[in-house]
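Let me begin by presenting the structure, written as structure tokens, before commenting on it.
The values are calculated or read from the model by the stated rules, or taken from the named source; none is laboratory data. Fair warning: this is a prediction, and the values are worked out from it, not measured in the lab. Because the Cβ atoms are built from the backbone with ideal geometry, glycine has one as well, and the counts that use them run over all protein chains shown. Surface areas here come from the heavy atoms of the whole protein model, side chains and all, with no ligands, DNA or RNA. Shrake-Rupley method; radii C 1.70, N 1.55, O 1.52, S 1.80 Å.
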Amino acid sequence: MHEALRAHGLTLPSLGVDPVTYAGYRPDPLIALGNCNVDTVRALTAVLRAAAAEGRAEGQAEG
């Protein structure tokens, strides 16, 4: 995840697993990114990776 965020110049110092949500019988941890769930973080990461692969850079308009 960190690599995909860095590809866009993003740094999220709070990015991490919320230990309370990870400790259950069937862990369904939240990621400390505004308390997004894992699926949301994975979707965000996929979008960022796709944008990086297309060569979009920060500040460039989509064409």
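A few notes on this one:
- Residues that are open to solvent by 40 Å² or more (accessible area, probe 1.4 Å) and either touching a Leu at 6+ places or on another chain (Cβ under 7 Å) or aromatic (Phe, Trp, Tyr) (or both), drawn from segment 22-35: 22, 25
- Residue in segment 39-54 that is of a type outside the set (A, V, I, L, M, F, W, C), surrounded by 13 or more Cβ atoms within 10 Å (Cβ to Cβ), modelled with pLDDT under 80 and assigned to a helix (DSSP H, G or I) present: yes
- Contact annotation: residue pairs with Cβ atoms under 7 Å, 6 or more positions apart or on different chains, pairing a residue in segment 1-22 that is modelled with pLDDT of 75 or more with a partner that is charged (D, E, K, R) and open to solvent by 60 Å² or more (accessible area, probe 1.4 Å), are 4/49; 21/28.
- Taking the criterion of being over 13 Å from residue 41 (Cβ atoms) and under 17 Å from the mean Cα position of the chain (by Cα), the only residue of segment 12-26 that qualifies is 13.
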